[in-house]
Amino acid sequence: MNEAFEEAFNLLCGDKIGYGMSREVFECALLPGYVVKVETARERFQNIMEWETWRIVQSTPASRWFAECKWISPNGKILIQERTRPPAPSEFVEKVPVWFTDLKRTNWGMARTNKDDRHYLVCHDYGTSLMLQDGTTTRRMKKAVWYDA
């Protein structure tokens, strides 16, 4: 079984391109333009939080701020999400919606939206935000205080 798992993993995942406190991120070998987030820590549920957040915002104006989630495994350990490119310093915006709590620069990237062909600054690491608590109905913005880890 381990050999089959390894083969399936290698079919789905390319090079490791990042990691965080509870996940590792790989290029998606099957879907160019996407990444595979593998939850490695127990009881963090960041993939599930991102999936649920995306399901809520995907058909709202707030979707403009989020990288698209494409697929999640039944147990939430594997998430396929839109790949972003690193933003140039000038592409970081002055204000962001109030429900974004973590403005670490590496949590953000540039991506196209379904609305037009422009690239927008989007959050690609939103497993911990106030969105599910406070909702996205408010259009209230706050001054963005960006930081590097």
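For segment 127-149, how many residues meet the condition of being within 24 Å of Asn47 (Cα to Cα), modelled with pLDDT of 60 or more and hydrophobic (A, V, I, L, M, F, W, C)?
Residues flagged as within 24 Å of Asn47 (Cα to Cα), modelled with pLDDT of 60 or more and hydrophobic (A, V, I, L, M, F, W, C) within segment 127-149 amount to 2.
Being among the aromatic types (Phe, Trp, Tyr) and part of a strand (DSSP E or B) is the filter; apply it to segment 11-57 and report the residue that is nearest to Trp99 (Cα to Cα).
So, considering only residues that are among the aromatic types (Phe, Trp, Tyr) and part of a strand (DSSP E or B), the one nearest to Trp99 (Cα to Cα) is Tyr19.
Test Ile80 against the criterion of being over 21 Å from Val145 (Cα atoms), at pLDDT below 95 and surrounded by 15 or more Cβ atoms within 10 Å (Cβ to Cβ), and give yes or no.
no
Can you tell me which residues in segment 58-77 are at pLDDT below 95 and assigned to a strand (DSSP E or B)?
If the condition is that a residue be at pLDDT below 95 and assigned to a strand (DSSP E or B), then Phe66 is the only one that fits.
Of the conditions (1) outside any strand (DSSP E or B); (2) modelled with pLDDT of 95 or more; (3) over 24 Å from Asp116 (Cβ atoms), Ser90 fails just one. Which one is it?
Unmet for Ser90, out of (1) outside any strand (DSSP E or B); (2) modelled with pLDDT of 95 or more; (3) over 24 Å from Asp116 (Cβ atoms): (3).
Does segment 93-113 hold any residues that are touching a Ser or Thr at 6+ places or on another chain (Cβ under 8 Å) and either among the aliphatic types (A, V, I, L, M) or modelled with pLDDT under 95 (or both), and which are they? Quick ask: steps written out before the conclusion?
Start the filter on segment 93-113 by keeping residues that are touching a Ser or Thr at 6+ places or on another chain (Cβ under 8 Å), which leaves 97-102, 108-111, 113.
Result: Pro97, Val98, Trp99, Phe100, Thr101, Asp102, Met110, Ala111, Thr113.
Rundown of residues vs (1) in contact (Cβ under 8 Å) with a residue 24 or more places away in the chain; (2) surrounded by fewer than 18 Cβ atoms within 10 Å (Cβ to Cβ); (3) farther than 25 Å from Arg112 by Cβ, yes/no style:
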| position | (1), (2), (3) |
| --- | --- |
| Ile17 | no, yes, no |
| Val25 | no, no, no |
| Leu31 | yes, yes, no |
| Thr60 | yes, yes, no |
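Do the conditions hold for Arg42, that is, is it crowded, with 17+ Cβ neighbours inside 10 Å and of a type in the set (D, E, K, R)?
On the way: crowded, with 17+ Cβ neighbours inside 10 Å: no; of a type in the set (D, E, K, R): yes.
When the stated conditions are applied, Arg42 does not pass them.
Would you mind stating whether Lys70 is without any contact (Cβ under 8 Å) to a residue 40 or more places away in the chain and of a type outside the set (A, V, I, L, M, F, W, C)?
yes
The values are calculated or read from the model by the stated rules, or taken from the named source; none is laboratory data. Predicted model only: the values in this text are computed from it and were never measured. Using ideal geometry, Cβ is built from the backbone for each residue, glycine included, and neighbour counts are taken over all protein chains shown.
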